Amino acid sequence: MNKAAENKMRQEIAGLKKNILELEKKLTAISEENKKIFINRLPRVEMNADIEAIGDFDILKAKGIEISEGGISFEMEESLPFELQFYLKNELFKQRVHLVWLEKKEKGGYRCGFRFVEPNHKTDF
């Protein structure tokens, strides 16, 4: 290998090392932020209940992000409000919620996370 090619390779390696260090810093920052979220997370309790979710929205305004032959992604400024109702410990709960996250399950279907909005009554989960 000639000297010019060797120098170019060294510069590329140095650039890659710099990129790796920057990415490691970003990952550390994300990890620290996730720890804060987890620490502030309220305790969870397993439940087995049939839930009715009624969408409380009409036309949603969104901004398109990406599109392909297979689908589209978009972002919304507004929350997605729902009314939920379910029985827990033989008591009917009716609760207004906002959709926080949604993920597709490997074997089909979806798992959703909702945040309670203006709790209707004090609960002891």
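Throughout, read-outs are computed from the coordinates displayed, never taken from laboratory work. All of these numbers come straight from a predicted model, not from anything done at the bench. Glycine gets a Cβ as well: all are built from the backbone with ideal geometry, and neighbour counts include every protein chain shown.
Cα centroids of the range 45-116 and the range 1-27: 45 Å apart. Taken along the Cα-to-beta-carbon direction at a fixed 7 Å, the label points for ARG10 and ALA53 span 5.8 nm.
Treat each spin label as a single point 7 Å out from the Cα along the C-beta direction, and report the ILE67 to MET1 distance in nm. Those two pseudo-labels are separated by 4.7 nm.
Excluding ARG111 itself, calculate the net charge of residues whose Cβ lies under 10 Å from the Cβ of ARG111, where each Lys or Arg counts +1 and each Asp or Glu counts -1.
With Lys, Arg at +1 and Asp, Glu at -1, the neighbours total +1.
Distance between the pseudo-spin-label points of LYS17 and ARG111 (7 Å out from Cα toward the beta carbon): 4.1 nm.
Taking the convex hull of the alpha carbon positions in the chain and averaging its projected area over all directions gives 14.2 nm². For the range 51-116, rounded, prolate or oblate, judged on the Cα gyration tensor with a ≥ b ≥ c (square roots of eigenvalues), a/c < 1.5 rounded, else prolate if a/b > b/c? Oblate. In sequence order, the range 13-18 has phi-based couplings of 5, 4, x, 5, 4, 4 Hz under the Karplus curve 6.51 cos²θ - 1.76 cosθ + 1.60, θ = phi - 60°, and Gly or Pro positions carry x.
Comparing GLU22, GLU91, GLU78 in a Gaussian network model of the chain (Cα springs below 10 Å), the most mobile by mean-square fluctuation is GLU22. In the chain, the calculated helix contribution to ellipticity at 222 nm averages -11000 deg cm²/dmol per residue, counting -39,500 (n - 2.57) for every DSSP H run with n ≥ 4.
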